[in-house]
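What follows is calculated from the coordinates using simple rules that are stated; it is not laboratory data. Quick caveat: nothing in here was measured; it's all calculated off a predicted structure. Every residue, glycine among them, receives a Cβ derived from its backbone with ideal geometry; neighbour counts consider all protein chains shown.
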Amino acid sequence: MVTVAVILFGVIPQSLKAQVYKLSPSADVNIKVLGSSNIHDWTMTSTALESQGNFKLSEGQLKEVTAFSFSLNAKSLKSDHQSMDNRTYKTINADQFPKIIYRLSSATITSVQKNKFLIKTTGELTIAGTTQTITMNVTAVVNADNSLTCTGSEKLKLTDYKIEPPSFMLGAMKVTNDLTIQFNLIYKSSLLITKIN
C-alpha cells in the first residue's frame, strides 16, 4: 500500500471537487456584534467559533463555494462590561438557545482583482431559536499559502429574531433595534491523503 499526500498549493487539477476548508486558529479570527443605545455605542466580540466551507480553488482563483457554515456559543460574545454581557445573554435567552448558527444556501462569485473575490451569499441565520434568510456580501482573498480570508458585515434587526430591544436602569438606558455583524475569518485546507492499494 502506498500513501500519497497531496497538499493544496494551487496545483490540484481544476476538475477536482471542492475541498473542505476549516477555520484557522488565529488571533485575527473573530465575529463582532456592534450596537448602540441612547447612552453609548457598544461592541461584543467572540473568537470561539466553529466553521468550515467547501471551496474549490484553481491556480489562486476561487471557483466555487458549495457549502459553508459557522456556529458560536452565544455566551462567548464578550464586551468590556460583564454586567452588559449578562443582560445580553438574558435578552437573547442564551440558556435555552446557546448557539448562533449560519448555514449557506447559495453563493455567486465575482472576481474583483487578482486573488480577490466578491461572494454574494444567501443563507439562514438562527439567533435565539428564530431562523431568518439573509443575503450578505463576503469579500474573499486567496492568500499565497492558498488559505482564504473572508470578511464582511451585515445589518440586522433584533425584532426580526423575535427579540425585543431591552431597556435597563428603569428605562434610562434603551438599546436600539439595529445591530451590525462584522466578521474576519481565515480558512485553511486540510491535508489530502489518497491511498492506493
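For the reader, a short list of remarks on this structure follows.
- Hydrodynamic radius of the range 63-113 per Kirkwood, over alpha carbon pairs, in Å: 13.5 Å
- A simple spin-label model places the labels of T45 and T108 3.5 nm from each other, with each point 7 Å out along Cα-to-Cβ.
- Amide H contacts under 5 Å for A48, placed H, 5+ residues apart: none
- Hz values of 3J(HN,Hα) by residue in the range 155-163 - Karplus curve (6.51, -1.76, 1.60), Gly and Pro given as x: 8, 10, 10, 4, 5, 5, 10, 6, 10
- Cross-link partners for K155 among the lysines, with Cα-Cα distance under 16 Å and sequence neighbours closer than 8 places in the same chain left out: K32, K120.
- Stokes-Einstein D in µm²/s, Kirkwood radius over Cα pairs - the range 74-176 at 4 °C with 1.567 mPa s viscosity: 81 µm²/s
- Residue-by-residue Karplus 3J(HN,Hα) for the range 35-40, coefficients 6.51, -1.76, 1.60, Hz, glycine and proline x: x, 8, 9, 6, 10, 7
- Calculated FRET efficiency for the pair R87/Q52, C-beta based, R₀ 41 Å, to 0.05: 0.80
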